[in-house]
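Novice: To start, I am sharing the structure in question, which I have written as structure tokens.
The values are calculated or read from the model by the stated rules, or taken from the named source; none is laboratory data. Since the structure is predicted, the reported quantities are computational estimates derived from the model, not experimental observations. Cβ: placed from backbone, ideal geometry, glycine included. Neighbour counts: every protein chain shown.
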Amino acid sequence: MYKALVACRAGVGSSLMLKIKTQQVIKEESFPIELEHASLDAVSSFNGELLITLVDVANELKASGIKKDIIGITSITNKAEIKEKLAAYIEKNT
Amino acid sequence: MLSSMIDKAFIQLNVKATDWQDAIKVSAQPLLKAGKIAESYIEKMIDIALETGPYIVIAKNVALPHAPPDAGVYQTAMSITVLEHDVHFGNPDNDPVKYLFCLSATDSNSHLEALAELVDLLEDQNFFQLLNQARNRTEVLDYVINKTKNR
């Protein structure tokens, strides 16, 4: 089981919607991923291995040198994209 | 419930905005007027977008302006704004923005169900068609109420 954190700047809007959508995909595909959500402030204390955010935030996190896997999602309503990126992550780590 | 966060007065159709900052301000006006948010909340939404880039453009043509609860939220609410002319936020994947859903939330959990309903709405092409063609606010609000009733 992988532990993933869905994060956004505020922790009340886009990250929650992204979490809802990602949770749907995980359930449909039976991906071995457990989700949490929070604002970006929680990223430094997060003890899992994967961060999932919208793409601009993902780029910012990568630039800040965080040593975790980071997935950036372009569109919250695009399930195919979420599925593809999660599948690629699992593939890479198994 | 999403419909309980949206008052008829929070729906704005065919409104003008000069640029993305103006669009955020315009989308927040009904919430400001109704006392759901403080002026500082609007500044914070713009600051966040300036700092992190246009991450609030969450889907094709759709922006979800919002900020943390401590930036000046009095009550959880959401406005729906359809621009007469779309504006560019600088998001290469999802620009230009025509629809804004300005969200204020007092915490990160109590509106979870409402956000799940919003995700459903954003995947519903008929909803966007309605936003383009609606003659009045009531049509839009009725659609949201009906859609979320059948969930």
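Novice: If A:Arg9 meets every condition in (1) within 14 Å of chain B (Cβ to nearest Cβ); (2) under 12 Å from the mean Cα position of the chain (by Cα); (3) among the charged types (D, E, K, R) apart from one, which number is that one?
Specialist: (2)
Novice: Hey, A:Asn47 hits all of (1) assigned to a loop (DSSP other than H, G, I, E, B); (2) facing chain B (nearest Cβ under 9 Å) but one; which does it fall short on?
Specialist: The number of the failed condition is (2).
Okay, residues lined up against (1) of a type outside the set (Phe, Trp, Tyr); (2) within 11 Å of the chain's Cα centre (by Cα); (3) not in a helix (DSSP H, G or I):
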position	(1), (2), (3)
A:Lys3	yes, yes, yes
A:Gln24	yes, no, no
A:Lys85	yes, yes, no
A:Tyr89	no, yes, no
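Novice: With respect to A:Asn93, determine if the residue is modelled with pLDDT of 85 or more and either over 30 Å from B:Asp120 (Cβ atoms) or loosely packed, with under 14 Cβ neighbours inside 10 Å (or both).
Specialist: On the way: modelled with pLDDT of 85 or more: yes; either over 30 Å from B:Asp120 (Cβ atoms) or loosely packed, with under 14 Cβ neighbours inside 10 Å (or both): yes.
So A:Asn93 fits the description; yes.
Quick grid of which residues meet (1) of a type in the set (Gly, Ala, Ser); (2) more than 9 Å from chain A (Cβ to nearest Cβ):
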| residue | (1), (2) |
| --- | --- |
| B:Ile42 | no, yes |
| B:Asp47 | no, yes |
| B:Glu51 | no, no |
| B:Val62 | no, no |
| B:Val82 | no, yes |
| B:Ala134 | yes, yes |
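Novice: Please work out which one of (1) surrounded by fewer than 16 Cβ atoms within 10 Å (Cβ to Cβ); (2) farther than 24 Å from B:Leu32 by Cβ; (3) charged (D, E, K, R); (4) at pLDDT below 90 is the condition B:Asp142 fails and give its number.
Specialist: Result: B:Asp142 fails condition (4) only.
Novice: Quick one: how many residues across the range B:50-75 are in contact (Cβ under 8 Å) with a residue 12 or more places away in the chain, farther than 18 Å from A:Leu16 by Cβ and not aromatic (Phe, Trp, Tyr)?
Specialist: The total comes to 5.
Novice: Among the residues of the range B:92-106, is any touching a helix residue (DSSP H, G or I) at 6+ places or on another chain (Cβ under 8 Å), closer than 21 Å to B:Asp47 by Cβ, free of Cβ contacts under 8 Å to residues at least 40 places away in the same chain and surrounded by fewer than 19 Cβ atoms within 10 Å (Cβ to Cβ)?
Specialist: For the range B:92-106, residues touching a helix residue (DSSP H, G or I) at 6+ places or on another chain (Cβ under 8 Å), closer than 21 Å to B:Asp47 by Cβ, free of Cβ contacts under 8 Å to residues at least 40 places away in the same chain and surrounded by fewer than 19 Cβ atoms within 10 Å (Cβ to Cβ): present.
Novice: If I ask for residues that are buried (at least 22 other Cβ atoms within 10 Å of the Cβ), among the small types (Gly, Ala, Ser) and without any contact (Cβ under 8 Å) to a residue 24 or more places away in the chain, which ones from the range A:1-42 would you list?
Specialist: Within the range A:1-42, just A:Gly13 meets the criteria.
Novice: Moving on. Would you confirm, using the coordinates I've provided, whether A:Asp69 is over 27 Å from B:Glu43 (Cβ atoms), among the acidic types (Asp, Glu) and out of contact with any Gly (no Cβ under 7 Å at 6 or more places or on another chain)?
Specialist: Working: over 27 Å from B:Glu43 (Cβ atoms): yes; among the acidic types (Asp, Glu): yes; out of contact with any Gly (no Cβ under 7 Å at 6 or more places or on another chain): yes.
Spelling it out, A:Asp69 is indeed over 27 Å from B:Glu43 (Cβ atoms), among the acidic types (Asp, Glu) and out of contact with any Gly (no Cβ under 7 Å at 6 or more places or on another chain).
Novice: Any idea which residue in the range B:9-21 is surrounded by the most Cβ atoms within 10 Å (Cβ to Cβ), counting only those that are outside any helix (DSSP H, G or I) and within 11 Å of the chain's Cα centre (by Cα)? Quick ask: steps written out before the conclusion?
Specialist: At the first step, the residues of the range B:9-21 found to be outside any helix (DSSP H, G or I) are B:11-19.
When the remaining residues are screened for being within 11 Å of the chain's Cα centre (by Cα), the result is B:11-12.
Values: B:Ile11: 22, B:Gln12: 19.
Only one residue tops the list, namely B:Ile11.
Novice: Only one residue in B:Ile42, B:Ile80, B:Ile24, B:Ile6 is assigned to a loop (DSSP other than H, G, I, E, B) and among the hydrophobic types (A, V, I, L, M, F, W, C), so which one is that? First the steps, then the outcome.
Specialist: Values: B:Ile42 fails: assigned to a loop (DSSP other than H, G, I, E, B); B:Ile80 fails: assigned to a loop (DSSP other than H, G, I, E, B); B:Ile24 fails: assigned to a loop (DSSP other than H, G, I, E, B).
Checking each option against the conditions leaves just B:Ile6.
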